[in-house]
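Only one structure is covered here, and it is reproduced in the block below.
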Protein chains: 4
Amino acid sequence: MITEKAPLRGIFTPNIVPLDDQGEINEAELRRYVDWLIERGVHGLYPNGSTGEFLRFTAEERRRIIEIIVDQVAGRVPILAGAAEANTRETIKACEYYHELGVRAVAIVSPFYYRLSPAGVYAYFREIARNSPVDITLYNIPMFASPIDVPTVARLAEECERVVAIKDSSGDLPHMMRMIAAVQPIRPDFAFLTGWDAALMPMLLVGCHGGTNATSGVVPEITRKLYDLTIAGRLDQARDLQYRLLKLFDAMIMTAEFPEGFRAALRLRGIRTGVGRQPQSDTQQMALEQLSRQLQCLLAEEGFTDEPVGGCPAGDGVDSEQVARIVREVMNELRKRGMA
Amino acid sequence: MITEKAPLRGIFTPNIVPLDDQGEINEAELRRYVDWLIERGVHGLYPNGSTGEFLRFTAEERRRIIEIIVDQVAGRVPILAGAAEANTRETIKACEYYHELGVRAVAIVSPFYYRLSPAGVYAYFREIARNSPVDITLYNIPMFASPIDVPTVARLAEECERVVAIKDSSGDLPHMMRMIAAVQPIRPDFAFLTGWDAALMPMLLVGCHGGTNATSGVVPEITRKLYDLTIAGRLDQARDLQYRLLKLFDAMIMTAEFPEGFRAALRLRGIRTGVGRQPQSDTQQMALEQLSRQLQCLLAEEGFTDEPVGGCPAGDGVDSEQVARIVREVMNELRKRGMA
Amino acid sequence: MITEKAPLRGIFTPNIVPLDDQGEINEAELRRYVDWLIERGVHGLYPNGSTGEFLRFTAEERRRIIEIIVDQVAGRVPILAGAAEANTRETIKACEYYHELGVRAVAIVSPFYYRLSPAGVYAYFREIARNSPVDITLYNIPMFASPIDVPTVARLAEECERVVAIKDSSGDLPHMMRMIAAVQPIRPDFAFLTGWDAALMPMLLVGCHGGTNATSGVVPEITRKLYDLTIAGRLDQARDLQYRLLKLFDAMIMTAEFPEGFRAALRLRGIRTGVGRQPQSDTQQMALEQLSRQLQCLLAEEGFTDEPVGGCPAGDGVDSEQVARIVREVMNELRKRGMA
Amino acid sequence: MITEKAPLRGIFTPNIVPLDDQGEINEAELRRYVDWLIERGVHGLYPNGSTGEFLRFTAEERRRIIEIIVDQVAGRVPILAGAAEANTRETIKACEYYHELGVRAVAIVSPFYYRLSPAGVYAYFREIARNSPVDITLYNIPMFASPIDVPTVARLAEECERVVAIKDSSGDLPHMMRMIAAVQPIRPDFAFLTGWDAALMPMLLVGCHGGTNATSGVVPEITRKLYDLTIAGRLDQARDLQYRLLKLFDAMIMTAEFPEGFRAALRLRGIRTGVGRQPQSDTQQMALEQLSRQLQCLLAEEGFTDEPVGGCPAGDGVDSEQVARIVREVMNELRKRGMA
C-alpha cells in the first residue's frame, strides 16, 4: 500500500479506456490493461486525461472509470485522477468522491473552450483548491486549453497548499525551467511532470520529477527505461532511447487524429481497445490501417510484435504499396471535393 | 404557431441563463427573460450556445434549459437548440429529445478541445446528421473549436439533407463569401448565419440570412433594427447603427472574460442574471465594476438606462476615478506577483 | 495634372515590375504596363508595394522603379510610392527623393522581420513623420510585418500631420471600422484604404475611401468597376462582381507563392512580366502551369482572354487532366521525400 | 590559424555592431569588441545575424562589417558571416565576396516578409547552394522568417554539399531531434547549432554541436563555460549555470524590443554600443533604464559589474521605486491614449 503523501515521481500512464462492441466501457479489458501496465513498470496511472478522452465520456462514465481503476490497482501504484467537470462545483464534488476512493491526487485541466486570461485561470484553480480534500495537479496543455502562465503557477503554489504539482504538456523546455525557477524556492515539495514524451529525457535533466506520457500506455517498457536511464545518469543510452521513443511518438501523434494512433498501437500490443467514439471518415480509416502497419514495423524493431505480413521496408523506407495507397486517398479526396 | 419548416432567417438570441443565489437555474427569471426578448423583437432563441455557457452546465441542466424555453416560448418564435454533448451518441439522443420538444433545429458546435482535421470534423457531423430527426445547424467558431473549412461545409451540405444551415462566428467576411459561393449552387435552401455582431451589416450585405448575436440578448432593439435597416437597404442608417453596436460589442467582449461583459450589461437592463459559474478574481471583479459603469454610460446614450451616479464623461473620455482604479489594479497585480 | 493635395481616393494598383531575360528591370515593358493600367481606369499607382516585391529589389532598383513610373505617369494619376528602407534615416532619404520626384505620398510598411511592440511601431513612424517632406500612408500588413494597432494609428494621426492615410491589408472588417471610429473624429481628412480585394465592397460600405488591390494590376476593369458600382450604391451588381473578383483573387493568392499567381495572370493579359526573382522548384512550376490554365478559364469567363487550348471545364469542375497532374506532383513530392 | 574546413563547433557570437554618435558603424569599438569576445573564449563570430540587426544596415554596411571583422579576427577564430541579401543573385554575390575575404562559412536566413512554402524555401536555398563558393549554414528562425521544415533540411543536406549546417532558433527541442534524426544518417558531417540560449544545455545533450547565442555577446564567460561543462558531462554544474543564463537571457529578451536588452547589458560591460537605429518611444526608454538597472544587479551577481547606486533588492524582489516607475509609465500610457 502506498503512503498517501508520497511525492509524485516517475511515469504516470494516461490510460486509454477500452470499449466493447456497443461502445460501452469494457470493464474486463480495462482491468486487464491496468494489470498489464503495472506489470510493465509504470509508476502510476492517470485516468481521465486527454489520452483517456475524458471529454468523450459522460460525467457518470468518468466516475465509473475511476472506480474500476482504483479497485483494480488495489494500492499497487498511486492514481492521479482527472477530475475536471462542467464547473467548479461539479469538479469539487468529483475531487471529494475520488478522495474517498483513495486516489493519490487529482489532475485538473485548465478551463477550455473559452480561453481565459491568467486572472481567470487563477480564480478557477483557487476556488477548487480551497474546497478540495485531495491534492491537486494543475494540468497545462495550451494547445487544447487556456494556458497556465508562470506567475499563475507560482501564485497558486504559494497560496494553495493543496496544489502540489503541475503537469505541463506544452513541450516547451525553457517554459518548464521558468516554472521550476519560480516555484521551487517557495515550494520545494512541488512536483513537475511533463506530458511531452518527445522531450522526456531533457525535461528530466532540467529538473522534472516525471511524466504523464501517452507512450507509456503503449510501450511502458521503453518509457520506464528511459526514465530510469536518465535518472541514473546513463545519458548515452538514454539519448539513444529518447530518439527511438521520439520516432514512435511522432508516428502515433502526427499521422492520425489524437489519440487514434495510440489506440492503433495498443491493439498491436494485444489490448482490445475497441473502436473510439469519435467517428472516422473512410480516408481516415485507410490512413489508420496504413499507420497500423507502420507502427507494427516500429514495434517489431523494438521486439514487441512480429513484423506485419509482407515484411517491413529496410530503414525508414516506404514501399510502393504505401505510395499507391496515399495516391488512392488523394484521388478519393479530390473526388469528394468535386475535382474528379 | 410557426411552421416547423420555415427557413432560418433573422436574429436568433444566444441567451444567457439567469442563476439564483445558489447558482442554480433561475427558472422564473429565465421565463421572464424569454418574454422580454420576444417582446423586443428577436426572431428566434438560441439556448445552449457559447454565450449561454452550455459547457458550464451539466447534461441534465442543458436539457432542462431547453424544456423551460420551449415551454415559455410556446411557439411564438423558432428555437435553435444547442445540442452538442460528450460524443455523437449522446448528441444524437439530445437531437431526438429536442425534436420531440418541438425545436425548429439544433445547432452543433464543431468538436472542441481536441483540434480535429477536416476529415474528422466531416465524420463527426455526418454521423450525427445521418441519425438526427431534426434539422442541424453547423456551428463554426474557430477560436474555440475545430474549424469547419469550406470544402467540409460544402460536402456536408451536399450529402446531408438534415444539415440546413451554418452559424459562423469567425467574423471573417471573405470566408463567409467562400462558403456561400460553394454551397448555394448545390443547396439553395441553405441558411448562413453570422455570430459576429461586429460585422452584422456587411455580412447581411454579402448574403447572410441572419445572425446569432450576443448583443441581441442585451440590446435586442438595436440588433433587430440593424437587421431591418440593412435588409431594407437603408444603408446610411444601418452603417451608423453598426458603428454604435460595434462600440457596445467591443466593450462587452473585450474588457472582461466572455461572457461576463454581456451578463453585466444585461443586469443593467433589469434582468437578474445572478453570478456566473466561472469564479472571478478580485482584480477581475474590480474590472467588471468599472466595465459596468462604462456600459451604463453606453446604454444611457442609447436611452436604455439612466446615467450612473456621478454622470458620464463627455465623448469617449474616461474620468480620473477610472484612472485611479486602473492604477490601483496595477498595484494590486504587482503586489500579488511579489513586486511591491 | 492632379493637385498635389487631393485626398487619396479610389483604386491604387500595387504594380508588379516586369523583368527582362537577365532578371533586370524591363523599363520598356514597365512603361507599357503603366499606360495599360491607366487606360483601364485605375485611380493611382502604388509601386514598391508587397505585390511589387519591393524587398527583392536593391535600394538602387527601388529608386529606379519610382523614377521610371513618375516619368511615365507624367501626372496623369497620383503615385503612392513604397519608401521603406533599411532604417529610419534611409527611409527619410527615400521620402525626400520621392517628394522631389513629385509623388503624391509615400507608403511605409510597419517594421518587419523583428516583431515590434505598439510602442516601437509608434516610435518608428513618428521619427519618419517628423522628418518627411511628403505625406505618409501607414501600411499595416500583420501577416508579414509588425501589426499597427488602433491606438497607434489614432496617436500617429493625432500627432503627425504628415500621416494622412492607412493602407490596411489585414482583411479584418471590424478592425477597419475600429480604426475609422477612432481616427475620423480627430482627423476627418484621414484616408482609409484596404489592401484586401476579397472584401473591397464591404470595406467601402463601412467607410473606406479606396483600395490598393493586387487584382487591379491584373483585371483593372473589374476592380475599378466594383469600386464604381459600390460607391454608386448599385449593390446587387456590386455584390455579384465582388463574388467574381473573390474567385479570381483566391485563385491568384492561394494556389501559388505570392505574387506568382498575379504574375501568371498578368502574362495571360499580355504583359511580359518575365520570371520572378524568387526561384521556383519543379513542383511549384508544374503547379503554376496548372494555375495558369485555370486562370485563363477564369479570365476567359470575364472576356479578357480566349479559353486555353482544349477548352475549360463546365462550371467550376476540374478535368481529369488536372487530377492526373496533381497526382503526378504528389508522387514527385513523395519521391523527393524518399517515400517512393 | 584555423583550418578552413574545420567543422562548425562551439559558441559563435552573433555580435552587435557598435555605432558612433552619428549612428555610423564605430569601427574602432567594433574592433575592440571583437578582441574582447575572443579573449573571453567564444569559438567564433557570427556578424550580420538577427542580434547584429543585419536588416537595419544597408547592403554596403553589411559588407563593411564583415571586412572589419575578418581583418580584426585575423584568423584567430572562424567567422560565420550572415549573407542574406535582397534576392538570390545578390546573396550569391555576397557569398563570393565573403569567401574571398576568408570566412569559414556563411549563414543565410530563410526568406522573410513573404511566408514561403517548404517548396519555395527549398528552391531558394538550392539556387544559392548551387552557386556559392563557400559553405552555407541554413538559418531557421520561424518567429521572424519562413520556417525551414525537417524534410527541407534533409533534402538540402542530401542534394547540396555546400550546405553544411543549420542554425535553428526555434527553441523547439523535439524539432532539433527530428532534424538530427533525419539528417545525420545521410550527412554525418552536418552541424546543428542552436540559437536559443534558454535551452543550450539540453540542446547540446541531444546532439547539437554548438550555438549562435546572443548571450555570448554579453557574458561570453558564462555561455562558453556552460558549453564546456555540458560537453564535459558535468551536468549538475551545467544545470545550475543554465538556470542562471536563462534568468539573464529572459531579462534581456523579454523586457525590451529585441535586441535593445542585449545592447543595454553590453554597455554595462563597458562596450560603447551607441544608440540603436530603431527609434525608442519615451515609454520604451524609461523601461530600458529600468531594465538596465535590473541587468546591472544580475551582472553584479555574476561578478561582472558593480551593483548600481542604491544597491540591488534581495532575492528577485523589486523595490518600491521600480513600482513607482511602472505606475508612472502606466499613467503616461493612459494619458497618451486619452484616458487621463
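The values are calculated or read from the model by the stated rules, or taken from the named source; none is laboratory data. Keep in mind it's a predicted model, so treat the numbers as computed, not measured. Please note: Cβ atoms are built from the backbone with ideal geometry, for glycine as well, and neighbour counts cover all protein chains shown. Side chains included, ligands, DNA and RNA excluded: accessible areas come from the protein's heavy atoms. Shrake-Rupley method; radii C 1.70, N 1.55, O 1.52, S 1.80 Å.
What the table below lists for this structure:
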| item | result |
| --- | --- |
| Accessible area per residue in Å² at 1.4 Å probe, computed on the protein assembly as shown | 35 |
| Interchain or long-range residues, amide H under 5 Å from D:T51's placed H | none |
| Per-q log10 I(q)/I(0), segment C:11-144, q = 0.19, 0.21 Å⁻¹ (Debye; single scatterer per alpha-carbon; no solvent) | -1.07, -1.27 |
| Max mean-square fluctuation residue, GNM over chain A, Cα-Cα springs under 10 Å, options A:L193, A:L295, A:L55 | A:L55 |
| Other copies of B:P185: label-to-label distances in nm, shortest first, labels 7 Å along the beta-carbon direction | 4.6, 4.7, 6.5 |
| Dimensions in Å of chain B - Rg and Dmax from alpha carbons | 20.3, 64 |
| Under-5 Å amide H pairs with B:T255, H placed in peptide plane, nonlocal only | none |
| About the Cα centre, charge dipole magnitude for the protein assembly as shown (Lys/Arg +1, Asp/Glu -1 at Cβ), debye | 0 |
| Zero-based 5 Å bins, Cα pair distances in segment D:1-70, whole percents | 4, 15, 27, 26, 17, 9, 2, 1 |
| Label-point separation in nm, B:R31 to D:C312, each point 7 Å along Cα→Cβ | 6.9 |
| Buried area at the B-A interface (accessible, heavy atoms, 1.4 Å probe, summed, Å²) | 4000 |
| Other copies of B:G23: label-to-label distances in nm, shortest first, labels 7 Å along the beta-carbon direction | 3.1, 5.9, 6.6 |
| Distance in nm between pseudo-label sites at D:A300 and B:E301 (7 Å out along the Cβ direction from Cα) | 5.0 |
| Cβ-Cβ FRET estimate between A:E39 and A:M254, R0 fixed at 45 Å, reported to 0.05 | 0.95 |
| Chain lengthening between A:N131 and A:A74 when straightened (0.36 nm per residue, less Cα-Cα) | 17.9 nm |
| Low-density loop positions, GluC sites (Glu not before Pro), segment A:1-69 - DSSP coil, at most 16 other Cβ in 10 Å | A:E4, A:E24 |
| DSSP-assigned coil residues among GluC sites (Glu not before Pro) in segment A:107-184, each with at most 16 further Cβ atoms within 10 Å | A:E161 |
| Copy-to-copy label separations for A:M254, where each label sits 7 Å from Cα toward Cβ, in nm and ascending | 2.6, 2.9, 3.9 |
| FRET efficiency for A:E67 and B:E161, using Cβ-Cβ distance with R0 set to 45 Å, rounded to 0.05 | 0.60 |
| Cleavage-rule hits (trypsin sites (Lys or Arg not before Pro)) in segment C:231-287: DSSP loop, at most 11 neighbouring Cβ within 10 angstrom | none |
| Net charge dipole size for chain C [Lys, Arg +1 and Asp, Glu -1 on Cβ; Debye, nearest 20] | 500 |
| Approximate spin-label separation C:A232-D:D21, in nm, with each point projected 7 Å along Cα-to-Cβ | 6.4 |
| Zero-based 20 Å bins, Cα pair distances in the protein assembly as shown, whole percents | 9, 35, 42, 12, 0 |
| Greater than 23 Å apart at Cα, pairs in A:K93/B:K93; D:K5/D:K167; A:K247/D:K247; B:K5/B:K225 | A:K93/B:K93; A:K247/D:K247; B:K5/B:K225 |
| For chain C, cysteines whose Cβ has no other cysteine Cβ within reach (under 4.7 Å) | C:C95, C:C160, C:C208 |
| Paramagnetic reach from A:M143 in segment A:194-229 [backbone N under 19 Å; point 7 Å along Cα→Cβ] | A:194-204, A:211-219 |
| Cα centroid separation, segment B:18-54 to segment A:44-58 (Å) | 33 |
